[in-house]
Amino acid sequence: MTALAPQVPIQVPAKLMPILQPRRFKVLHGGRGGAKSHTVAQVLLAIGMQSRLRILCGREVQKSLKESSMQLLLDYVDRLGLSSYYRFVNGQIAGCNGTVFTFTGLRAHTSTSIKSFEGYDIVWVEEAQSVSAHSWNMLIPTIRKTGSEIWATLNADQADDYVYDRFIRHDDSDALVIEINWRDNPWFSAELDTERRKMQALNDDLYQHVWEGKCRSISGLLFKRDWFRKRYDKLPDDLSPYMASDYAVSQDQGDWTEHGVQGLDESVDMYFTDWLSGQTSPDVWIPAAVNLVKRHKPHAWFEEKGVILRAVDGALTKSLREAKVYVVREPLPSAGNKAERALGFAARASMGSVWLPAAEWSDRLVNQLCSFTGEPGRTDDMVDVCSLMARGLNKMWNARPSRNEKRDEVIPFTRRWIEQSERETERDEAAHARNYR
């Protein structure tokens, strides 16, 4: 595996050329835009033409082929003009010489079932930072054929993740470890560079993780854990309640349906009061959401416009009508990327105007906020709910301050009447300023 067929016009950054040499482990790590996966896909297709190989493409969880590296490989089959050599058959990519690419989720295997891969020549583990120590400890001794190799591509997440701890933080004499980032990729596009610069300007912590491949900070990236230290024991007497939801239409695709309820006090601080989560189908979460509306009576219910809302809108409207529960539903357009949509809520949290109760779901929410990167494939549905709350602020109003004091009768157009009117005007202007700060 030291030379490539000259008729295959692949693009390999100079920094990644050493992967063409034999090594038991090959670990490529770094941020977005470094061409890690694209390079591996091209090289594997090319060496698969030189000799008959069995290549396993794995990741921790793969519920369908859509979640695998299959599509990336097939895209390069087309780009490199290899469609007469490789074809997709029965969930595998097969070459004319007997080379075969197989796709699997490692978590789904037992110590017995994983033995079926014992004779494979190469294993490519994509998103290796997400692969558990248990999966690695089953996989590595299974791939035992003479000359076999295990390749891993990753953007580092936590310093104690198995792949980072073994191969990057500590030296492994059997491993080739290469850090590659956007600046090492001569084909780094102008579009990606624009996204990179935007994130760098918005949040350097998040930028260092996503684009420079640094481990995620335990304190949080876009959201800081210190912002959520305050937990309330008692709610203010007056709150203006609102609800927001992020829907999932299937219970087996990894997405969660999340419903959050918060109330604005007279100072426009957000007090989260209730939360409902579940990996359930609409026939389960719709009645639960209707009960949540019935219990809290929000002034408005914020949702995300799009395909999912169109799919469940009829059933949701019908359930509300049958339960005789009435609420203003406010679908909000999905503008920008996830990180940009979360900025409004991050701004409010950074000012100390978000309050949480001492509850289990509060801890889950904070953990999800602090691990949020905006990257696809991560569990961040609770963050989406918070983003909707902040984006809907211009459609909310804060609680009215209590005015229990008895008002004296004042004769109109007297000096006292004028002074009282001026005080009320100043108070209204101050309230308006708080609303729109």
Cα extents of segment 1-141 along the three principal axes, largest first (Å): 41, 33, 26
Charge dipole (debye, nearest 20) of segment 1-104; +1 at Cβ of Lys and Arg, -1 at Cβ of Asp and Glu: 280 debye
I'm spelling it out carefully: the read-out is Kirkwood radius over Cα pairs in Å, the candidates are (i) 25.2; (ii) 23.7; (iii) 22.5, and one was derived from this structure. Which label? (i)
Of all DSSP beta bridges having both residues in the chain, the percent classed as antiparallel (nearest 5) is 40 percent
What whole number of Å gives the distance from the Cα centroid of segment 282-311 to the Cα centroid of segment 72-107? 43 Å
Give Lys63/Lys294; Lys234/Lys324; Lys36/Lys224; Lys234/Lys294; Lys63/Lys318 a once-over and call out the pairs whose C-alpha atoms are over 27 Å from each other. Lys63/Lys294; Lys234/Lys324; Lys36/Lys224; Lys63/Lys318
Fully extended, how many nm does the chain gain between Trp187 and Asn137 (0.36 nm per residue separation, minus their Cα-Cα distance)? 14.4 nm
Give the calculated FRET efficiency between Glu340 and Arg310 to the nearest 0.05, with a Förster radius of 25 Å applied to their Cβ-Cβ distance. 0.60
Can you give the extra length, in nm with one decimal, that the chain gains between Asp171 and Ile411 once fully stretched, where that is 0.36 nm per residue apart less the Cα-Cα distance? 77.8 nm
Residues Ala358 and Thr110, FRET efficiency given R0 of 41 Å [Cβ-Cβ distance, rounded to 0.05]: 0.55
With labels modelled as points extended 7 Å from the Cα through the Cβ direction, what inter-label distance (nm, one decimal) is found for Ala159 paired with Arg427? 5.4 nm
Under 19 Å from the Cα of Lys395 - lysines, other chains or at least 8 residues apart: Lys297, Lys305
Name the residue, out of Arg416, Arg341, Arg391, whose mean-square fluctuation peaks in a Gaussian network model built on the chain with Cα pairs under 10 Å. Arg416
Rounded to the nearest 5, the percent of antiparallel DSSP beta bridges in segment 14-190 equals 20 percent
Farthest toward positive dipole pole in segment 14-190 [+1 Lys/Arg, -1 Asp/Glu at C-beta], among Leu16, Gln158, Phe88: Phe88
Assigning unit charges at the beta carbon (Lys, Arg +1; Asp, Glu -1) and nothing else, what dipole magnitude in debye, to the nearest 20, does segment 225-395 show about its Cα centre? 300 debye
Contour minus end-to-end for Arg378 and Cys96, with contour as 0.36 nm per residue of separation and end-to-end as the Cα-Cα distance? 97.8 nm
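Read-outs throughout are calculated quantities, based only on the coordinates presented, and are distinct from any laboratory measurement. Treat the numbers as computed from the prediction; the structure is a model and nothing was measured. Note: ideal-geometry Cβ built from the backbone for every residue, glycine included; neighbour counts use all protein chains shown.
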